[in-house]
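Report on the structure given below.
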Amino acid sequence: MGAVEDRISQLGHTLPGEVTPGGNYVSSVPVPAAGLVYMAGHVARRLDGSLVAGKLGADVTVEQGGEAARITMLNLLGSLKARIGELDRVTRVVKLLCMVNCTPEFGQQPAVANGASDLLVEVFGDKGRHARSAVGMAALPNNVCVEIEMIVEVEE
């Protein structure tokens, strides 16, 4: 286990394995010439397999949404580890797209996305600071409250 995985454990989290895609796609695509890995959208799935579902602004609080974003990020990191072998190979988290299932009047998507962003900085330090978009969606698959895509730079 590398230093990044040790840090995840010290923070009290368990890193899941690779998430199995729910359709005809893969969970990640490496682009070795660019040193990048593009991560497919991952959702808030707990270790027991249950989904964190609901709509922000209706039946999910900002705090619960932030926790769902944290869970989603752990799923992304689990799939990334399966792809690259060691999370210590990450040289930079480049970009997140955080999609939040919410009511039309809900406007705190960035606060929800902070659950994922904060975890990345806690785990990777400055290498975890990234560009980000946080947008509201009328619906997400299986009514999950958060879905996140990620682009990371890795050393070969």
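The values are calculated or read from the model by the stated rules, or taken from the named source; none is laboratory data. Because the structure is a prediction, the values reported are computed rather than measured. Cβ coordinates were reconstructed from backbone atoms using ideal geometry, including for glycine residues, and neighbour counts include every protein chain displayed.
Here are the criteria: (1) over 17 Å from E147 (Cβ atoms); (2) touching a strand residue (DSSP E or B) at 6+ places or on another chain (Cβ under 8 Å). Tell me which single one A44 does not satisfy.
It is condition (1) that A44 fails.
G57 fails exactly one of the following numbered conditions: (1) surrounded by 18 or more Cβ atoms within 10 Å (Cβ to Cβ); (2) within 13 Å of the chain's Cα centre (by Cα). What is the number of that condition?
(2)
Those residues that are of a type outside the set (K, R) and either under 14 Å from G128 (Cβ atoms) or crowded, with 18+ Cβ neighbours inside 10 Å (or both), I need them from region 89-107; list them, please.
Once the filter is applied, which keeps residues that are of a type outside the set (K, R) and either under 14 Å from G128 (Cβ atoms) or crowded, with 18+ Cβ neighbours inside 10 Å (or both), region 89-107 yields V90, T91, V93, V94, L96, C98, M99, V100, N101, C102, F106.
Could you go through region 43-62 and let me know if any residue there is within 25 Å of G136 (Cβ to Cβ) and assigned to a helix (DSSP H, G or I).
yes
Which one is farthest from T20 (Cα to Cα) among residues in region 43-52 that are touching a residue at least 12 places away in the same chain (Cβ under 8 Å) and of a type outside the set (A, V, I, L, M, F, W, C)?
R46
In the list G115, G85, which residue meets the criterion of being without any contact (Cβ under 8 Å) to a residue 40 or more places away in the chain, over 15 Å from G57 (Cβ atoms) and either small (G, A, S) or surrounded by 23 or more Cβ atoms within 10 Å (Cβ to Cβ) (or both)?
G85
So which pairs qualify, if the first residue must be in region 25-42 and modelled with pLDDT under 95, the second must be in a strand (DSSP E or B) and of a type in the set (S, T, N, Q), the Cβ gap must be under 6 Å, and the two must be at least 6 apart or on different chains?
Short answer, once both residue conditions are applied: none.
Taking the stated definitions as given, is A69 in contact with a Gly (Cβ under 8 Å, 6 or more places away or on another chain), buried (at least 19 other Cβ atoms within 10 Å of the Cβ) and among the aliphatic types (A, V, I, L, M)?
yes
Being aliphatic (A, V, I, L, M) and within 19 Å of V154 (Cβ to Cβ): is that true of L36 here?
Working: aliphatic (A, V, I, L, M): yes; within 19 Å of V154 (Cβ to Cβ): yes.
Criteria met by L36.
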